[in-house]
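Here is the structure we will look at.
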Amino acid sequence: MTELEIVNYALMTLGEPTVTAAEYSTGTKFKSLELIKSQLSNHKRYLLRRFPWNCGVRRSLYIPLYETLTISVLDVDAGTTATDTLTYDNSEYLYEAVQRIWSGDTYRITRETDGDWRFQNLAGTTTYNENERHRSHSVQSPILFDAKSWDLDWGSAGQHELKSIGYSDIHVESDAKSGYTYRVLSPCDYAKSDPIRIIDSPSHDDRDFRVEGNYLYTNRQQGEILYMEEIDYTDLDDMLAEVLALRAAKSVAWAVVQSDSRTKEIAAEYEFSLRKARSVDAAEDGRYTLESTTITDARNQ
């Protein structure tokens, strides 16, 4: 469903007329429309945080921010391999999508404002290869992507192939202390806002990590995070979109219909729809994906 379709579903539940896209954009045609429009995004975040819906679960690699990298590079034409030490050029490490650069004597690795990684000559005038995987803020340092994920074939003439990456000095802001070795930014996509909820880290068999604010504290240098993303309305499962519409209607029912019995009926419709949607959503998964009691417990609520 689109955002407009969800709102119209809520309006019909309240016995109100539906609206066009232009009327919804203005948002002031009548009281119920104003109330629903002002609260809809908060209702969506609430539902995504309350339960690990499959449509909103994402998986991200994490790695903290390192000041120094040591890379090994093969000059395809010459057939020789050399090393270069790259140093982080930018003090920015928060959520802003700024360009990050690690530069050395001959090469540099950059992260563009859209999250893409580029392996270049020192001046940045030649890009030997680039990679668009792992556009998450939790991947704060370059990693050695598998060969198939790069844009170009490493064996081509004129290529300088990145063979390995070693990590030395960690950025002071990524040094977790307090019993943990690393502090990693939450897995937020460059084009999105904060993640809704950290669900689990499959890399930690004993769930030995902490979530504090926008950070994950861990003793592992690299790993995976399962999290809920603030997905768009059109990405919601159809049953979840129905739940959202009914929740929006329930929240304003008394103010609009002024009927205690109808308000209770809408609340009951919402609870029934929520239970049905969670049951179907949980049944879609194979049990092997439920690696954390957090997910199991949430799906039994």
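For the reader, a short list of remarks on this structure follows.
- Any hit, the range 160-180, residues being buried (at least 18 other Cβ atoms within 10 Å of the Cβ), among the β-branched types (Val, Ile, Thr) and farther than 26 Å from Thr113 by Cβ: no
- In the set (1) in a helix (DSSP H, G or I); (2) of a type in the set (Phe, Trp, Tyr); (3) assigned by TED's automatic domain parsing to the domain that holds Phe145, Tyr9 fails one condition alone, (3).
- The range 226-247 residues that are within 25 Å of Ser201 (Cβ to Cβ), paired with ones that are part of a strand (DSSP E or B) and aliphatic (A, V, I, L, M) (beta carbon under 7 Å, 6 or more apart): Leu226/Val57; Leu226/Ile199; Tyr227/Ile198; Tyr227/Ile199; Met228/Val57; Met228/Ile199
- All positions within the range 18-34 that are modelled with pLDDT under 95 and assigned to a loop (DSSP other than H, G, I, E, B): Gly27, Thr28, Lys29, Phe30
- Looking only at the range 115-135, and only at residues there that are part of a strand (DSSP E or B) and either of a type outside the set (D, E, K, R) or outside the structural domain of Trp150 (by TED's automatic domain parsing) (or both), the one that is farthest from the chain's Cα centre (by Cα): Asn121
Residues checked against (1) assigned to a strand (DSSP E or B); (2) under 20 Å from Ile71 (Cα atoms); (3) in the same structural domain as Arg220 (by TED's automatic domain parsing):
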position: Asp151; (1), (2), (3): no, yes, yes
position: Trp154; (1), (2), (3): no, yes, yes
position: Leu162; (1), (2), (3): yes, yes, yes
position: Gly166; (1), (2), (3): yes, yes, yes
position: Glu173; (1), (2), (3): no, no, yes
position: Ala176; (1), (2), (3): yes, no, yes
position: Val184; (1), (2), (3): yes, no, yes
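- Residue check for Glu23: assigned by TED's automatic domain parsing to the domain that holds Asp200 and of a type outside the set (Val, Ile, Thr): no
- For the range 222-262, the set of residues classified as surrounded by 16 or more Cβ atoms within 10 Å (Cβ to Cβ) and in a loop (DSSP other than H, G, I, E, B) consists of Gln222, Glu229, Glu230, Ile231, Leu236, Asp237, listed by residue number.
- Filter result (assigned to a helix (DSSP H, G or I) and either among the aromatic types (Phe, Trp, Tyr) or buried (at least 17 other Cβ atoms within 10 Å of the Cβ) (or both)) within the range 36-54: Ile36, Lys37, Leu40, His43, Lys44, Tyr46, Leu47, Leu48
- For the range 200-207, the criterion of being closer than 23 Å to Glu230 by Cα, surrounded by fewer than 18 Cβ atoms within 10 Å (Cβ to Cβ) and without any contact (Cβ under 8 Å) to a residue 12 or more places away in the chain is met by no residue.
- Checking Ser25, Ser60 one by one, the residue that is of a type in the set (S, T, N, Q) and surrounded by fewer than 19 Cβ atoms within 10 Å (Cβ to Cβ) is Ser25 and no other.
The values are calculated or read from the model by the stated rules, or taken from the named source; none is laboratory data. All values derive from a computational prediction rather than experimental measurement. Methodologically, a virtual Cβ is constructed for each residue, glycine included, from the backbone with ideal geometry; neighbour enumeration extends over all protein chains shown.
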